Structures are given as C-alpha cells and as structure tokens.
Amino acid sequence: MIKRFIVIVALFTGFIAEAQENVSSPYSYYGIGLTNFQGTVENRSMGGLSVFMDSIHVNLQNPASYGRLKLTDFTIGASHDRVKLETDGASDNSKISSLDYLALAFPISDKIGIGLGVMPYTSVGYRILDVEDDASSLLTGRGGMNRVFLSAGYAVNEHLSLGVDADYNFGNFQNTQSINTEGLQYGTSDVNRSDIKGFTFNFGANYQRPISEKLNLHVSTTYAPEMDLDSENFRTISTIDFASGTGRTIDQREVDLSETQFTFPSKYSLGAGIGQTNKWFVGAEYSNVGSSSYQDSFSFRNDGGEYEDASQFSLGGFYVPDYNSFTSYLERVVYRAGFRYDETGLIVNGESINEFGMSFGLGLPIGQLFSNANFGIELGQRGTRDAGLVQEKFLRLSVGLSLNDKWFTKRKFD
C-alpha cells in the first residue's frame, strides 16, 4: 500500500508541477506568489483553525497530530474558485480549479505516527494588460512553489504530543512582459524565470486536558524557522513581429544570471479552544509570518510592492448532534463554521493588502471506521480599490475525502 501511495504522490507531484496555475490574482505578481492554505477541507471550513486534533484525522498544519493517530488516514482535497475582480473603472471575472493536497498518515505504535504527502505551497497566475495612447504592455505570470513532506509525531503522554515536518520545496516562477508600440513593426518580449528548491522544517506541539466532567482544553503551537532556499535564474529577451499578426520571433538572446538565495520567512502560531468529546468544539488561533525578510532574489523585480510581517487570526469550530446515532444520518453529520482575517504582509502603492473569509462546511459519514466526505464553502475578499488597486471578491468551494483503515493489525485464527 505504501509503495502504491508513493507512486500516486509522484504522479500527483508531476501533475501540480506542470499545472501550477491554481490562482488568478494580480497580487500573485509579487514575491513568490500567493500562499495557499496548508490545511485540509475540515480546517478550512473552520476559518483555517488547526487547534483541534483527534485520533482519526490528519492535521496537515501541526505535525503533533500524528502522535495521536489510531487509524490509518488517506486524505485528498480539491477546490474551485470563482473570483470577481474590480477597480474603480472596470471589473472582470475568473474561475479556476485546483488539487490542494494529497496525504497518507498512519500509526506505527501506540505513541508514534508518521505521514507523507504533497501540496502546492504558493501560486502565481495573472494576466495584466496596460494600454496607453501609442503602446500596449501585456504582463503574464505562472508557476508556484510545491512541497513534498515527511512528518512524524510522538505522544509524550495522554495529554502532550510533539511533531516535526521535513519539507522539500521546489517549483518555478515565470514572468513575461510583451511590449507593442503603435507604428513599429517589431515589439519586445522579456521572459524571466526562477527555479527554486530547498528544505524547510515545521515543529509542532499539542496539549489536551479535561477541565471538567465534560469539557476539554486544547492548546497547540507551531514554529517554522527561517531558512534559505536556492534560486536558479534565467532571462530571455526576444524581438517579436507583432505587425504580421503571427507573433513570430525575429531575434532571441539569453542573458546570463547568477544563482541566488532567498530567505524563506519564519512562522509561528498559537491557538486554544474548548470542547466536548465527539460533540462540539470552538477555538481561536493567531499566526505570524516574518515575510519582511523577503528580498529581491529572482531574475526580475516586482516594482511597486514591498513586504512587512504578516499575521492571521482565525475563529471557528464544529458541532455534531449525535455522532453515534443509529436512527438519523443527519445527527451524525459534522457541521463546521469559521471566520479568518489575514494581514498578508504585502504592501502595494502604499496600501496593505488584507484578506478575510467566512466559511461553512459539512462532514458526511461514509463507509466504516469513521471515514467521511467533507464539503466546504468560503466567501471572502482580498485587496482594495484604493490607490488604483484591484479588489477581489471570491467564492471558494472545497471537497475532500478522509478515508480510514486499520494497518499493522495481526490477524487471529481460531
């Protein structure tokens, strides 16, 4: 089974490496693109909350969860976004679908669990047309950074668990600018590409303890240290025949660029919540990303943008009417909701680019051993129309599967 999963991960990795455009936003022009949500559909449906952990679900945001696993869990998720982009003078619509994660986690003892998987970490996708009186400029971008991870968790005791993610990051970012001037037969095309690779790590801890006969306290934290990633840079400048309508390349030359490094920022999170086992949970979480450490490490400059440290606040939870009901399927459904507010750290034309979202979700029981299909919907907004910028209003539909099984169980014969 593990060999089959590794083959699936390899195919999935190849797929997302070739089809990385899972975002459509002019704000992905800056830095290394927009950061994708790193959790499951279950987490996203609670405003991105990652505090809650149990023994049957993978928590991709905190590796301490692997130490609590009692069943093998295979999970996969995808989403579909519809976005309305608005400025003071125009509006447009876009839609895009993406595969968000693929992971397998399983316990290897009563106290130790491991997991592996793959997910896209950042995404770049934009098409910006700037038309003036006598010239036009088309700026397009694609790519992103992907992450393959190996994780392990250890339950120190019944209350405390610890874990670590080891991530290999890889991908590329490509920026193309085409300029066509009226009255001239030839225009220019400037293509810049950066291929990146390197390791990062994420450490996590989770603490759970009863505080009354029915209530449990949950506290969790994560920390990812600042790391340097390698960037191999390329640039191609071409002369293009726009007048003929063919876009034929007349001349092309490569520009030698040196390999560089850029600092991948540190991140920490802290969350807490209370709940009743198999009934309900509510929690809050704060995270901070040291994105002010981003530097111009690529083969092109992102003019007009700068970075400060980013932060996110999440509030959410779930409710299950009766998880063990034999008479009503709806009473075994998990109902989720949440809210998040992100200060992305990106500043464009002096304006901070912030984002918020309201989310709702359902966890539908399927099969045996607590497997479920999860559905989520999120309504949100990114950016502002001030200072000539773009405001994005989005509707995101998410679907995921969490399939459980028992492994490494000795068969008994009478």
Please pick out the residue among Gly187, Gly198, Gly183 that is over 20 Å from Gly33 (Cα atoms) and open to solvent by less than 20 Å² (accessible area, probe 1.4 Å).
Gly187
State whether one or more residues within the stretch 380-398 are closer than 19 Å to Gly338 by Cβ and touching a His at 6+ places or on another chain (Cβ under 6 Å).
yes
Scanning the stretch 373-396 for residues that are of a type in the set (Lys, Arg) and at pLDDT 95 or above, which turns out surrounded by the most Cβ atoms within 10 Å (Cβ to Cβ)?
Arg382
Sole exception among (1) over 21 Å from Asp167 (Cα atoms); (2) at pLDDT 90 or above; (3) surrounded by 21 or more Cβ atoms within 10 Å (Cβ to Cβ) for Tyr29, by number:
(2)
If you go through Asp386, Asp309, Asp322, Asp342, the only one that is of a type in the set (Asp, Glu) and out of contact with any Asp or Glu (no Cβ under 8 Å at 6 or more places or on another chain) is Asp309
Of these, Thr176, Thr221, which one is assigned to a strand (DSSP E or B), touching a strand residue (DSSP E or B) at 6+ places or on another chain (Cβ under 6 Å), without any contact (Cβ under 8 Å) to a residue 40 or more places away in the chain and surrounded by 16 or more Cβ atoms within 10 Å (Cβ to Cβ)?
Thr176
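From the list Phe370, Phe318, pick out the single residue that is touching a residue at least 12 places away in the same chain (Cβ under 8 Å), of a type outside the set (A, V, I, L, M), open to solvent by 70 Å² or more (accessible area, probe 1.4 Å) and under 29 Å from Ser287 (Cβ atoms).
Details: Phe318 fails: open to solvent by 70 Å² or more (accessible area, probe 1.4 Å).
Only one candidate qualifies: Phe370.
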Residue that is most open to solvent (accessible area, probe 1.4 Å), among those in the stretch 85-99 that are assigned to a strand (DSSP E or B) and aliphatic (A, V, I, L, M)
Leu99
Pick from the stretch 93-131 the residues that are aliphatic (A, V, I, L, M) and touching a Gly at 6+ places or on another chain (Cβ under 6 Å): which of them is farthest from Tyr66 (Cα to Cα)?
Val124
Any idea how many residues of the stretch 251-267 are touching a Ser or Thr at 6+ places or on another chain (Cβ under 8 Å) and more than 22 Å from Thr222 (Cα to Cα)?
10
From Ser79, Ser161, Ser123, which residue is modelled with pLDDT of 90 or more, under 30 Å from Asn216 (Cα atoms) and open to solvent by less than 50 Å² (accessible area, probe 1.4 Å)?
Ser161
Among the residues of the stretch 40-55, which ones are assigned to a loop (DSSP other than H, G, I, E, B) and open to solvent by less than 30 Å² (accessible area, probe 1.4 Å)?
Thr40, Ser45, Met46, Gly47, Gly48, Leu49, Ser50, Val51, Met53
Filter the stretch 328-350 down to residues that are touching a residue at least 12 places away in the same chain (Cβ under 8 Å), open to solvent by 60 Å² or more (accessible area, probe 1.4 Å) and of a type outside the set (A, V, I, L, M, F, W, C), then give me how many there are.
7
Can you tell me which of Val334, Val399, Val320 is modelled with pLDDT of 95 or more, under 21 Å from Phe74 (Cβ atoms), over 20 Å from the mean Cα position of the chain (by Cα) and not basic (Lys, Arg)?
Val334
Quick check: is even one residue across the stretch 180-191 hydroxyl-bearing (Ser, Thr, Tyr) and touching a Gly at 6+ places or on another chain (Cβ under 7 Å)?
yes
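The values are calculated or read from the model by the stated rules, or taken from the named source; none is laboratory data. Computed from a predicted model, the values in this text were never measured in an experiment. Note that we place each Cβ from the backbone using ideal geometry, even for glycine, and neighbour counts take in every protein chain shown. SASA here: full protein model, heavy atoms, side chains in, ligands and nucleic acids out. Shrake-Rupley method; radii C 1.70, N 1.55, O 1.52, S 1.80 Å.
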